[in-house]
1. Is it true that residue 54 is out of contact with any helix residue (DSSP H, G or I) (no Cβ under 7 Å at 6 or more places or on another chain), free of Cβ contacts under 8 Å to residues at least 12 places away in the same chain and surrounded by 12 or more Cβ atoms within 10 Å (Cβ to Cβ)?
2. If you scan the range 21-42, which residues turn out to be farther than 19 Å from residue 67 by Cβ and either surrounded by 12 or more Cβ atoms within 10 Å (Cβ to Cβ) or free of Cβ contacts under 8 Å to residues at least 12 places away in the same chain (or both)?
């Protein structure tokens with residue numbers, strides 16, 4: 001699989017840029033503001049969450065890079 005991959009939650013409140021099998025950046029909307037958090041995970045439950053993101057399981061939706069970058073540019 002090629003990286004980066006881009007996903008969001010169905011409710012649109014969190015967007016993700018997955019940069020590797022154990023790394024991602026989350027853009028999270030709290031109120032009217034957006035915040036960015038970078039993660040490098042090692043624990044198994046967190047690695048499973050990244051797999052869910054990559055497979056677009058549960059509430060994760062595939063998005064285009066432009067959607068992610070439009071929000072990131074507002075930070």
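Coordinate-derived values only; no laboratory data. The shown structure was predicted, so the numbers you read here are calculated from the model rather than taken from an experiment. Every residue, glycine as well, gets a Cβ built from its backbone with ideal geometry; the counts of neighbours run over all protein chains shown.
1. The answer is no for residue 54.
2. 21, 22, 23, 31, 39, 41
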